[in-house]
Amino acid sequence: MEKRDRSERLARLDGLRGFAAAGVVLYHMANWPDLPVRLDPITGWVFLKGWTLVDLFFVLSGFVFAHVYGAPDQLRRPQAMRAFAVARFARLWPLHFAVLCLFAAFSWGGGNNGPHFAAHALMLQGFDLMSARSFNSASWSLTIEILCYALFAAGAWLGERVLLWITVLAVVGCGWWLAVLGHPGGPWFGETIPRGILGFFTGQLVWRNRALGARLPAALLWAMVGAGLWLDNGHISPLVPLGLLTWPAAVLLALRMPVMESAVMHWLGQRSFGLYMVHMLFIHAIDGIWPPQGLNWPGFVAAQAAIATLTLAAAEGAFRWIEVPGRRAIRHWLARAQSAAPAVEARGAASFMSH
């Protein structure tokens, strides 16, 4: 699937993914009180509410998965489910485990202990609050992504009608849960599972209705973006208006914006997973050298510049030396295993018959 050309891979959504990753990085960079600078409404929102951009990731994942794997019975073909699982593992685990080992090397102790390391290594950290807060705390979303992948794959294997029912029930059920039981403000750990499922399967619905979405006036889509942001200031969970209005509209708008496939946005999109995975390493390191408390304006700017520079450089290195080689190595292993299987089976049959 990764050999499709850029138009097939929805290159403009790569740019939107890069934008979301940069926003999450900025949020975590400045996630401490009493900032020594005055913020305008846009930067102020990113620094204070940028955590919600993770939910844009979920919507994007749902949309892209429906585009790539949504053909009827595609995952019911021979070896398709195995290839799907291996591709997802190859996409997420190599860089996740490399960053986990760096955290373990430089910050072992306290909550960064053996059981929590094992939970992270198995990508189960998002199911447990203490594990999620240990090591690379940003990686909690990987667990929820995998849960969404499993639900999607189960529905796709059981048939198009079952997948549609799962999609509708996921959006309605998780939207209701967040509207009734969710908290204003945020983020709240107890909402990680429903927010991920809501976002992922909302993305599926947006893809299913993409023809209608393409006909909606841009003014209406921008109004949806604004309405979701405005309703975010109410007394319900912000994940409901953002997940059902702002982020779906943002996806449809991004598909119409050539700037989203510019060289800069394409670069950010290709390295978005690296940006997301490595940035907490440098936030912890720089905050340890220059504690945020008491920094004046020049110190704040210097610290943020150092974090941003190191994160961008590390994301480039991670993409070139971990992500791409890791995916290739795992795919190569799968291809060898598949080609060896018939020979092994034949030898086994011959051995059985000879006895």
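All of the numbers you see were taken from the coordinates with simple rules; none came from a lab. All of these numbers come straight from a predicted model, not from anything done at the bench. Backbone-built Cβ (ideal geometry, glycine too); neighbour counts: all protein chains shown.
Quick notes
- Qualifying residue in the stretch 299-310 (condition: within 20 Å of residue 144 (Cβ to Cβ) and in contact with a Leu (Cβ under 7 Å, 6 or more places away or on another chain)): no
- Only one of the listed residues (170, 153) is aliphatic (A, V, I, L, M), touching a residue at least 60 places away in the same chain (Cβ under 8 Å) and either crowded, with 16+ Cβ neighbours inside 10 Å or touching a Pro at 6+ places or on another chain (Cβ under 8 Å) (or both). That residue is 153.
- Taken as a whole, the stretch 255-272 holds at least one residue that is within 28 Å of residue 93 (Cα to Cα) and free of Cβ contacts under 8 Å to residues at least 24 places away in the same chain.
- If you go through the stretch 216-259 and keep only what is more than 21 Å from residue 63 (Cα to Cα) and in contact with a Pro (Cβ under 6 Å, 6 or more places away or on another chain), you end up with 231, 232, 235.
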